[in-house]
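This report refers to the structure that appears directly beneath it.
The values are calculated or read from the model by the stated rules, or taken from the named source; none is laboratory data. Please read these numbers as outputs of a predicted model, since none were measured by experiment. With ideal geometry, Cβ positions are generated from the backbone for all residues, glycine too; neighbour counts draw on all protein chains shown. Ligands, DNA and RNA are stripped out before the accessible areas are found, and what is left, the full protein with its side chains, is counted by its heavy atoms. Shrake-Rupley method; radii C 1.70, N 1.55, O 1.52, S 1.80 Å.
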Amino acid sequence: MTSSSDRSTAVSVDGTKTYEIRTYGCQMNVHDSERLSGLLEEAGYVQAPKGSDGDADVVVFNTCAVRENADNKLYGNLGRLAPRKTTRPGMQIAVGGCLAQKDRDTIVEKAPWVDVVFGTHNIGKLPVLLERARVREEAQIEIAESLEAFPSTLPTRRESAYAAWVSISVGCNNTCTFCIVPALRGKEEDRRPGDILAEIEALVAEGVSEITLLGQNVNAYGSDLGDREAFSKLLRACGQIEGLERVRFTSPHPRDFTDDVIAAMAETPNVMPQLHMPMQSGSDSILRAMRRSYRQERFLGIIEKVRAAIPHAAISTDIIVGFPGETEEDFEQTMHAVREARFANAFTFQYSKRPGTPAADMENQIPKEVVQERYMRLVTLQEEISWEENKKQVGRTLEVMVAEGEGRKDGATDRLSGRAPDNRLVHFTKPDEDVRPGDVVTVEITYAAPHHLLAEGPVGAVRRTRAGDAWEKRTTAAAAKPAGVLLGLPKIGVPEPLPAAEVPACGTHA
């Protein structure tokens with residue numbers, strides 16, 4: 001999973017014990033945090049007031065082991081909470097996630113004021129471990145080596161009333177040399193199709209109109225079930241769910257991207273014309289060193305097939321620059337592949353060592369200044385392509401699902417924002433008619449920038465939806481209580497491109 005960011009949970013409430021969750025990492029971590037919130041609320045906790053910044057009865061760090069200096073960041077944050085814990089009787093601190101799975105005892109050794117350490121396989125134990133630590137007055141460290149309960153069976157507190165993640169598998173069977181995730185989350189385990197569809201149907205009944213199927217390697221789904229076409233069948237089954245308007249998935253692996261998946265995407269109306277396909281490198285020799293089981297020709301062939309079947313598909317990718325042993329010729333092969341693929345956007349990362357990965361011990365580590373120079377060349381090229389591809393959208397009429405919090409300047413510009421079917425971000429003129437997140441508007445694109453589109457004319461139509469009703473119901477209910485916000489879940493689909501340079505964990509991004 002790639003494109004990491006830090007997020008906090010906070011909601012203003014009164015009474016009982018409060019909690020705050022700080023999430024680092026990818027969509028899988030954020031999805032886990034939704035479950036942790038649900039578990040704590042089921043146990044009687046309520047979220048701490050917005051801006052509490054650690055001033056809660058329970059502070060949970062849901063960590064990532066992929067980010068550069070992830071451990072330093074964690075210990076720095078834990079250190080800042082230590083004096084607060086001494087002045088707040090009963091306060092508890094818990095650390096979970098990939099870094100906890102990896103470092104376990106080290107966390108309590110370096111931060112003995114931590115009360116609970118739990119891993120990626122036993123997030124359902126958090127309330128029990130907190131209570132046990134309180135009663136026994138000593139740190140509880142419990143790291144399961146295999147999955148105890150599929151996360152989607154746990155209670156949850158979702159970010160959005162109109163869009164939701166649905167996890168279809170956990171773990172990964174790949175052995176990419178830059179990635180430690182399989183060692184921390186284990187081998188792939190697939191949910192039964194009926195369980196997935198039942199969850200989606202329940203979400204749609206609550207008003208959700210867009211779902212994103214989530215997995216470490218989402219299109220390998222079925223390998224644990226003995227059905228190589230299970231993922232394409234799942235996409236087609238999603239197309240039969242009444243009221244489900246948009247289906248997305250992240251992130252596939254080129255090795256497992258088969259023709260039946262392309263056909264299912266093209267033939268299932270509610271599967272969106274969008275694909276995030278991690279390339280990582282355009283050089284065959286570097287792909288071999290990464291243990292990525294495809295080559296440039298195979299990758300570009302997939303892109304060509306997708307575009308033939310879905311002409312308006314927006315395709316994005318992940319790319320690592322400066323992997324050990326990368327020569328200038330290797331880098332030029334990546335540049336060539338980018339020119340050929342013409343990605344709508346790319347999440348571009350400078351390689352840096354990750355302890356515990358084979359690549360960290362490889363010879364021919366590339367000097368930082370060389371990596372930086374190549375990175376800037378690649379960014380410049382992709383920016384040009386993104387802009388050119390976005391300009392092709394000018395004059396098109398698109399259905400945009402209104403989003404919440406996507407346009408930072410919407411208040412100043414009197415605009416609203418949302419996502420087109422291909423997941424491009426669209427800012428549009430605020431109509432006279434009331435429009436709610438989850439509703440759908442029809443707009444004509446008048447201007448394109450590298451990372452967003454503008455519809456400066458009047459809105460053609462507004463379609464009020466059950467998803468908008470669900471958002472309004474939730475907002476009205478929240479207004480009856482102290483004001484607050486929900487989980488800091490990233491935007492549904494592909495985040496804004498070109499984040500700070502970091503190495504992706506695998507094919508799923510946040």
Quick check, is Phe299 within 29 Å of Leu425 (Cβ to Cβ), buried (at least 21 other Cβ atoms within 10 Å of the Cβ) and in contact with a helix residue (DSSP H, G or I) (Cβ under 8 Å, 6 or more places away or on another chain)? yes
Quick check on my filter: what residues within the stretch 280-302 are free of Cβ contacts under 8 Å to residues at least 12 places away in the same chain and basic (Lys, Arg)? Arg288, Arg295
Counting only residues that are closer than 15 Å to Gly96 by Cβ and open to solvent by less than 10 Å² (accessible area, probe 1.4 Å), which one in the stretch 1-25 is modelled with the lowest pLDDT? Thr9
Of the criteria (1) surrounded by 18 or more Cβ atoms within 10 Å (Cβ to Cβ); (2) of a type outside the set (Ser, Thr, Tyr); (3) within 24 Å of the chain's Cα centre (by Cα), which one Phe331 fails: (3)
Within the set of pairs 6 or more residues apart or between chains, which connect a residue that is closer than 21 Å to Arg157 by Cα and touching a residue at least 40 places away in the same chain (Cβ under 8 Å) inside the stretch 208-227 to a residue that is in a loop (DSSP other than H, G, I, E, B) and among the aromatic types (Phe, Trp, Tyr) with Cβ atoms less than 9 Å apart? Val208/Tyr162; Ser209/Tyr162; Glu210/Tyr162; Leu213/Tyr221; Gly215/Tyr221
If you take the residues in the stretch 68-82 that are open to solvent by 80 Å² or more (accessible area, probe 1.4 Å) and not charged (D, E, K, R), which one is modelled with the lowest pLDDT? Asn69
Pairs, please: C-beta under 6 Å, at least 6 apart or cross-chain, first residue closer than 10 Å to Cys238 by Cβ and of a type in the set (D, E, K, R) and in the stretch 267-279, second modelled with pLDDT of 95 or more and open to solvent by less than 10 Å² (accessible area, probe 1.4 Å)? none
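Per-residue answers, yes or no, for (1) closer than 20 Å to Thr212 by Cβ; (2) outside any loop (DSSP other than H, G, I, E, B); (3) touching a Ser or Thr at 6+ places or on another chain (Cβ under 8 Å); (4) among the charged types (D, E, K, R):
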| residue | (1), (2), (3), (4) |
| --- | --- |
| Val261 | yes, yes, yes, no |
| Ala266 | yes, yes, no, no |
| Leu287 | no, yes, yes, no |
| Arg292 | no, no, yes, yes |
| Ile319 | no, yes, yes, no |
| Pro324 | no, no, no, no |
| Thr334 | no, yes, yes, no |
Looking only at the stretch 353-365, which residues are surrounded by fewer than 19 Cβ atoms within 10 Å (Cβ to Cβ) and either touching a residue at least 40 places away in the same chain (Cβ under 8 Å) or not hydrophobic (A, V, I, L, M, F, W, C) (or both)? Lys353, Pro355, Gly356, Pro358, Asp361, Met362, Glu363, Asn364, Gln365
In the stretch 91-114, which residues are surrounded by fewer than 24 Cβ atoms within 10 Å (Cβ to Cβ), modelled with pLDDT of 90 or more and part of a loop (DSSP other than H, G, I, E, B)? Met91, Ala111, Pro112, Trp113
